[in-house]
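The values are calculated or read from the model by the stated rules, or taken from the named source; none is laboratory data. In this text, all values refer to a predicted model and were calculated from it rather than measured experimentally. Using ideal geometry, Cβ is built from the backbone for each residue, glycine included, and neighbour counts are taken over all protein chains shown. Each accessible area value is taken on the protein alone, full model and side chains, heavy atoms only, with ligands, DNA and RNA left out. Shrake-Rupley method; radii C 1.70, N 1.55, O 1.52, S 1.80 Å.
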Amino acid sequence: MKRLLLIAQRECRRMAANRMYLLSMLLFPVFVTVFFTSFMHEGQPENMPVGVVDLDNTTTTRKLTRLLDSFQSSEVVAHYPSVEEARQAMQHGDIYGFLYFPKETTAKLLAQRQPHVSYYYSYATLTSGALVFKDLKTVSTLGSAGVAKSVMSAKGYTDDQIMAFLQPIVLDLHTVGNPWVNYNIYLSTMLVPTCLLLLIFLLTAYAMGMELKENTATELVAAAGGNPFIALVGKMLPHIAVWIVVMGAYMVYTFGVLHFPHPGGWGVIVLLTVLSVLAAVGFGVFMFGLLPALRMSMSICSLWGVLSFSMVGTAFPVIAMDTPLQVLANIFPMRHFFLIYETCIFANNPLSDVALNIAALVLFAAAPVFVILRINRAYKEYVYME
């Protein structure tokens, strides 16, 4: 225990003397957390610019234009004389979509001759494209329904008969977990932890590799009395403590200050915080053990962390990926972090539902056991090469 504490104190002095740790363990996590959570603080993008090509220019089409402008996600910023000009504006990024009313739109509506109202939208960015599409489609649907309702009312149909004709099946929608469809809740809970775990990967490999670069590895082994386990645990203790505080601060800020939904309770949040940090540190040490060189181990950790943004399963569902990729997703700690968060914190399901994911994080945390002898030999024999 005495050797363990002396090594931990030695590592604290090394961390305090290197500004890289201050930047990567404190300043950058604060920046990432504040950036992402404040960037999407409104929940959804609002007032995205759209255009209108109104060749009919009647009371009905102008009413539909005002309706489109009243939606939260869309704002009519321009009227164009032709589809070609509107298309060019959309390609230049001036608008995200436009609504096209051809000539005689209202006349055909009133005569029930099915006019063709077109809408065009850009899917170059997924979120804006989806929201603009929803608004444009809603306007088009409401326009035809409003005219049909007026015509049927003039013919003497009752309101019940009209609604049964216009909407024969009534939809009862329930958005579970995130009823506000808040993109901050949806994205920040994936982007920020993944960034933090990526930092843990890199800083762990960096700390292990710096012993070789600064020719202090033999000193570390000697301080541990030749016991590689004591050397590894003592060196990583300060890192684990700092990262648990950093990850815990993110959790408190997200769920306590911003009040993101967490019906699963704080007990699961604390468990996930500790498990994720231990798993990330264990993974970083494991990668250094496989490739006991500063550059190579940090490169592999960086690659693993970047791929995690795709393999975590929020941008594209894992179950929709090819079978080999579904299997591959299980070797990313971020994937298990997200499943535990989604299942137990967000959906308030029992921990037994994610027992395999918890076991996976424990396995990642214990992974250094398989390479500890290789690390010990590297610290005793390897010579750092520039």
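When the stretch 15-31 is examined, which residues are found to be farther than 15 Å from Leu197 by Cα and small (Gly, Ala, Ser)?
Ala16, Ala17
For the stretch 1-26, name all the residues that are aliphatic (A, V, I, L, M), under 13 Å from Leu237 (Cα atoms) and part of a helix (DSSP H, G or I). I'd like the intermediate steps shown before the answer.
Initially, the stretch 1-26 is screened for residues aliphatic (A, V, I, L, M), giving 1, 4-8, 15-17, 20, 22-23, 25-26.
Narrowing further to those that are under 13 Å from Leu237 (Cα atoms): 1, 4-8, 15.
Answer for the stretch 1-26, where residues must be aliphatic (A, V, I, L, M), under 13 Å from Leu237 (Cα atoms) and part of a helix (DSSP H, G or I): Leu4, Leu5, Leu6, Ile7, Ala8, Met15.
Give me the pairs, please: first residue somewhere in the stretch 257-282 and over 30 Å from Ala207 (Cα atoms), second residue anywhere and open to solvent by 60 Å² or more (accessible area, probe 1.4 Å) and among the polar types (S, T, N, Q), beta-carbon distance under 9 Å, and either six or more positions apart or on two chains.
Correct list of pairs: His262/Asn348; Pro263/Asn348; Gly264/Asn348; Gly264/Asn349; Gly265/Asn348.
Condition first: surrounded by 14 or more Cβ atoms within 10 Å (Cβ to Cβ), part of a helix (DSSP H, G or I) and either at pLDDT 80 or above or in contact with an Asp or Glu (Cβ under 8 Å, 6 or more places away or on another chain) (or both). Can you find one or more residues in the stretch 137-146 that meet it?
Within the stretch 137-146, one or more residues are surrounded by 14 or more Cβ atoms within 10 Å (Cβ to Cβ), part of a helix (DSSP H, G or I) and either at pLDDT 80 or above or in contact with an Asp or Glu (Cβ under 8 Å, 6 or more places away or on another chain) (or both).
Check the stretch 16-34 and report whether any residue there is over 30 Å from Thr254 (Cβ atoms) and either open to solvent by 40 Å² or more (accessible area, probe 1.4 Å) or at pLDDT below 90 (or both). Talk me through it step by step, then tell me what you get.
Initially, the stretch 16-34 is screened for residues over 30 Å from Thr254 (Cβ atoms), giving 17.
Okay, now just the ones that are also either open to solvent by 40 Å² or more (accessible area, probe 1.4 Å) or at pLDDT below 90 (or both), so 17.
Yes, that holds for at least one residue.
With respect to Ala224, determine if the residue is at pLDDT 90 or above and either open to solvent by less than 10 Å² (accessible area, probe 1.4 Å) or farther than 18 Å from Phe283 by Cβ (or both). Walk me through how you get there before you give the answer.
On the way: at pLDDT 90 or above: no; either open to solvent by less than 10 Å² (accessible area, probe 1.4 Å) or farther than 18 Å from Phe283 by Cβ (or both): yes.
For Ala224, the condition - at pLDDT 90 or above and either open to solvent by less than 10 Å² (accessible area, probe 1.4 Å) or farther than 18 Å from Phe283 by Cβ (or both) - is not met.
Give me the pairs: first residue in the stretch 62-76 and closer than 11 Å to Val52 by Cβ, second residue open to solvent by 20 Å² or more (accessible area, probe 1.4 Å) and in a helix (DSSP H, G or I), beta-carbon distance under 6 Å, and six or more apart or on different chains, which are they?
Correct list of pairs: Val76/Asp69.
May I ask you to list the residues in the stretch 330-343 that are closer than 23 Å to Ser302 by Cβ, open to solvent by less than 30 Å² (accessible area, probe 1.4 Å) and among the β-branched types (Val, Ile, Thr)?
The answer is none; no residue qualifies.
Could you tell me whether Ile244 is within 24 Å of Val354 (Cβ to Cβ), open to solvent by 10 Å² or more (accessible area, probe 1.4 Å) and of a type in the set (Val, Ile, Thr)? Give the steps one after another, and end with the answer.
Working: within 24 Å of Val354 (Cβ to Cβ): yes; open to solvent by 10 Å² or more (accessible area, probe 1.4 Å): yes; of a type in the set (Val, Ile, Thr): yes.
Yes: the conditions hold for Ile244.
Does the stretch 168-175 contain any residue that is surrounded by 13 or more Cβ atoms within 10 Å (Cβ to Cβ) and either part of a helix (DSSP H, G or I) or among the β-branched types (Val, Ile, Thr) (or both)? Spell out how you get there, then give the answer.
Restricting attention to the stretch 168-175, the residues satisfying the condition of being surrounded by 13 or more Cβ atoms within 10 Å (Cβ to Cβ) are none.
Looking through the stretch 168-175, none of the residues is surrounded by 13 or more Cβ atoms within 10 Å (Cβ to Cβ) and either part of a helix (DSSP H, G or I) or among the β-branched types (Val, Ile, Thr) (or both).
Report whether or not Gly225 is of a type outside the set (S, T, N, Q), at positive phi and in contact (Cβ under 8 Å) with a residue 40 or more places away in the chain. If you could, list the steps in order and put the result at the bottom.
Details: of a type outside the set (S, T, N, Q): yes; at positive phi: yes; in contact (Cβ under 8 Å) with a residue 40 or more places away in the chain: yes.
Criteria met by Gly225.
Of everything in the stretch 35-48 that's among the hydrophobic types (A, V, I, L, M, F, W, C) and surrounded by fewer than 17 Cβ atoms within 10 Å (Cβ to Cβ), which residue is nearest to Met251 (Cα to Cα)?
Residues of the stretch 35-48 among the hydrophobic types (A, V, I, L, M, F, W, C): 35-36, 39-40, 48.
Narrowing further to those that are surrounded by fewer than 17 Cβ atoms within 10 Å (Cβ to Cβ): 35, 39.
Numbers: Phe35: 15, Phe39: 18 Å.
So, considering only residues that are among the hydrophobic types (A, V, I, L, M, F, W, C) and surrounded by fewer than 17 Cβ atoms within 10 Å (Cβ to Cβ), the one nearest to Met251 (Cα to Cα) is Phe35.
Condition check ((1) open to solvent by 50 Å² or more (accessible area, probe 1.4 Å); (2) β-branched (Val, Ile, Thr); (3) over 27 Å from the mean Cα position of the chain (by Cα); (4) at pLDDT below 90) across all residues:
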| site | (1), (2), (3), (4) |
| --- | --- |
| Val52 | no, yes, yes, no |
| Thr60 | no, yes, yes, yes |
| Lys63 | yes, no, yes, yes |
| Phe71 | no, no, no, yes |
| Gln112 | yes, no, yes, yes |
| Pro115 | no, no, yes, yes |
| Thr125 | yes, yes, no, yes |
| Ala130 | no, no, no, yes |
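Somewhere in the stretch 214-221, is a residue modelled with pLDDT of 95 or more, surrounded by fewer than 15 Cβ atoms within 10 Å (Cβ to Cβ) and outside any loop (DSSP other than H, G, I, E, B)? Spell out how you get there, then give the answer.
Looking only at the stretch 214-221, we keep the residues that are modelled with pLDDT of 95 or more, and these are none.
Scanning the stretch 214-221, I find no residue that is modelled with pLDDT of 95 or more, surrounded by fewer than 15 Cβ atoms within 10 Å (Cβ to Cβ) and outside any loop (DSSP other than H, G, I, E, B), so the answer is no.
So which helices (runs of 4 or more DSSP H) stay within the stretch 249-329 end to end and still have 2 or more residues that are of a type in the set (Val, Ile, Thr) and surrounded by 21 or more Cβ atoms within 10 Å (Cβ to Cβ)? Steps first, answer last, please.
Values: elements: 266-290, 294-311, 323-328.
Qualifying helices (runs of 4 or more DSSP H): 266-290.
Look at the stretch 4-15 and say how many of its residues are open to solvent by less than 70 Å² (accessible area, probe 1.4 Å) and among the basic types (Lys, Arg).
Number satisfying all stated conditions: 2.
If you check Val83 against the conditions, is it surrounded by fewer than 17 Cβ atoms within 10 Å (Cβ to Cβ) and modelled with pLDDT of 90 or more? So that I can check it myself, show each step before the final result.
On the way: surrounded by fewer than 17 Cβ atoms within 10 Å (Cβ to Cβ): yes; modelled with pLDDT of 90 or more: yes.
Yes; evaluated as a whole, the condition is true for this residue.
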